[in-house]
Amino acid sequence: MMQEFLSNTRIFIFYIMLDNYPQEFFAMPNSSTTTVDAMADKPQATGGALSITILAIAAFVIVTTEFLIVGLLPALARDLSITVATAGQLVTLFAVVVMVCGPFLTAWLANVDRKKLFIAVLVLFAATNALAAVAQNIWVLALARLLPALALPVFWGTASDTAAQIAGPEKAGRAVSTVYLGISAAMLFGIPLGTLAADAIGWRGAFGLLAALSLLVAVLMFFSMPTVRASQPVAMREQAKILKSPFFMANVALSILVFTAMFTGYTYLAEMLEKSAGVAPAQVGWWLMGFGAVGLIGNWLGGLWVDQKPLATTAIFSLVLAAGMAASMLFAGLSIGFAVALGVWGIANTALYPICQIRVMKAATGAQALAGTINVSAANGGIALGAVIGGVAVANWGAGNVGYVAAGIAVLAALATSLVARMTPAAKA
C-alpha cells in the first residue's frame, strides 16, 4: 500500500529552483516587504553566506521530516499494531493541514521577524519529532505530524524571500538556489534514508535524530542569521486582495489541473513498475529515486523559459509530461524504450513543480509569499484529486493504463493555458 502514499511526500518538491532560475524573478519589486539589519547590510560578507547555507540545511531537515515517514511506515505500523494503510493516513493528514491552513498562517505571520520565525519553526520541528520518537499510539503520532504541518508552508512561503534579502539583489537568485538545494537532497534521499534508518536505528531513532538536527540548526541560526523584518507591514486584508484577481485565480486553478495530471500517474507509478514493467519490489524505491534524479534536468530546461513565458512553459512541459506518461505505458515491456520514456516523464514531472510555483507568484500583483503558499494548497488539492482519479483508473483498467488517463488530463492542462493567456490586461491587474 505504500505506493498509494508516495505522491503526498512530493507535495513540496515543486519548490526546487536551481542556479539557472533567473535572478530577476527573485528580485521583483513587489516580491518582498523585508529589510535586513546590521549583518545583512553587507550581503556578500561571510556571515550572509553562512546564514544562507544554514537556511539550506534547515530546508533539508524540514523536508526530510516530510519524506522520511514513507520509508518508516512498515516499521512503525508493526510497532504500533496498525496497518500500513492506517499509518499512511499520517501522510494524508499532513497534506490536508498544509492545504487548509498554509495560506492563512503565512499571511498572518508575514510581518514577523524572519529570524525569530525560522527559529520557532525549527524548535517546533525538534519538539514534534521528539514526540513522534516516544509516541505509543497512532493518536500521539498524529499530533506530532499535525503541528509541523502547520509550520512547514510558513517556512516555504518566506524562506526564498529571506535568502534573497540577505544576499542582496546581485546574488539573490544564487542565494535562493542554494536554499533549495536542501530540498533537492531531501527529495532524492528522503525515502531511501527512511528505509535505511528503520533498519539501522529503528523508526523511533530516526525521529529522534531529526529532533536533534532540528535543534542544532536552530542554535546555529540563532548565532549566525541577521535580523530580517518587515519594512512595510502588510495587513492580511491587503495581502488577500490578490484573491480578487481573476488572472491570479486562473493560474491557481491551472496549477490544480497540472498537479491532478501529474499525480494521477505518479501516485501509482510504483504499482505500475511492479505489475507492468516487472521491476522487483525491493528495487522500486531506487527507481523512484532515479526518477527524481533525472528530473533535475527538467529544472534546468524549465528555467530557460519560465521567467519570460510562464504560461507557454507550462503548456510545453504539460505536453512533454503527457508524451512521457503515455509512452511509459506503451513501452512497459521493453527495457530501453521504457527507460527513455520514464526519463521523459521524470524530466517533465519535476520541472512542473518550480514552473507552477514561479508562474503563480508572478501572476500575483503583490504578497508573493502568500501567493506561493496558495500554490502549495493548490498542489495539495491536485494531488488528492489525481490520487482519486488514478485509483479509479487502476481499479477499472489496471496500473498499466493509468498513464493514458493522466496523459489526457495533462493535454487538457496544456489547452487550458491558452484560455488563461487570453485574459484581458485588466483581468491580470
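The values are calculated or read from the model by the stated rules, or taken from the named source; none is laboratory data. It should be emphasised that the depicted structure is a prediction, and the values quoted were computed from it without experimental measurement. Because the Cβ atoms are built from the backbone with ideal geometry, glycine has one as well, and the counts that use them run over all protein chains shown.
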Exercise. Are there any pairs, at least 6 apart or on different chains, whose C-beta atoms fall under 6 Å, with the first in the range 227-248 and surrounded by 14 or more Cβ atoms within 10 Å (Cβ to Cβ) and the second modelled with pLDDT under 75 and hydroxyl-bearing (Ser, Thr, Tyr), and if so, which?
Worked result: 228/34; 230/33; 230/34; 234/33
Exercise. Inside the range 272-302, can you point out the residues that are surrounded by fewer than 22 Cβ atoms within 10 Å (Cβ to Cβ) and closer than 21 Å to residue 409 by Cα?
Worked result: 291
Seminar exercise, completed: For the range 349-367, the count of residues that are part of a helix (DSSP H, G or I), modelled with pLDDT under 80 and surrounded by fewer than 24 Cβ atoms within 10 Å (Cβ to Cβ) equals 1
Problem set entry | Members of the range 330-343 that are assigned to a helix (DSSP H, G or I) and surrounded by fewer than 24 Cβ atoms within 10 Å (Cβ to Cβ) | 330, 335, 336, 337, 338, 339, 340, 341, 343
Exercise. Condition test on residue 126, is it of a type in the set (Gly, Ala, Ser) and either at pLDDT below 90 or more than 22 Å from the chain's Cα centre (by Cα) (or both)?
Worked result: no
Exercise. Can you tell which of 391, 381, 403, 372 is modelled with pLDDT under 85, in a helix (DSSP H, G or I) and buried (at least 24 other Cβ atoms within 10 Å of the Cβ)?
Worked result: 372
For this session: Looking for whichever is in a helix (DSSP H, G or I) and modelled with pLDDT of 80 or more here; the options are 155, 189. Which one fits?
Result: 155
Seminar exercise, completed: Filtering the range 120-140 for residues that are closer than 12 Å to residue 80 by Cβ and among the small types (Gly, Ala, Ser) leaves a count of 2
For this session: For the range 259-267, indicate whether the set of residues that are assigned by TED's automatic domain parsing to the domain that holds residue 362, over 24 Å from residue 391 (Cβ atoms), polar (S, T, N, Q) and assigned to a helix (DSSP H, G or I) is non-empty.
Result: no
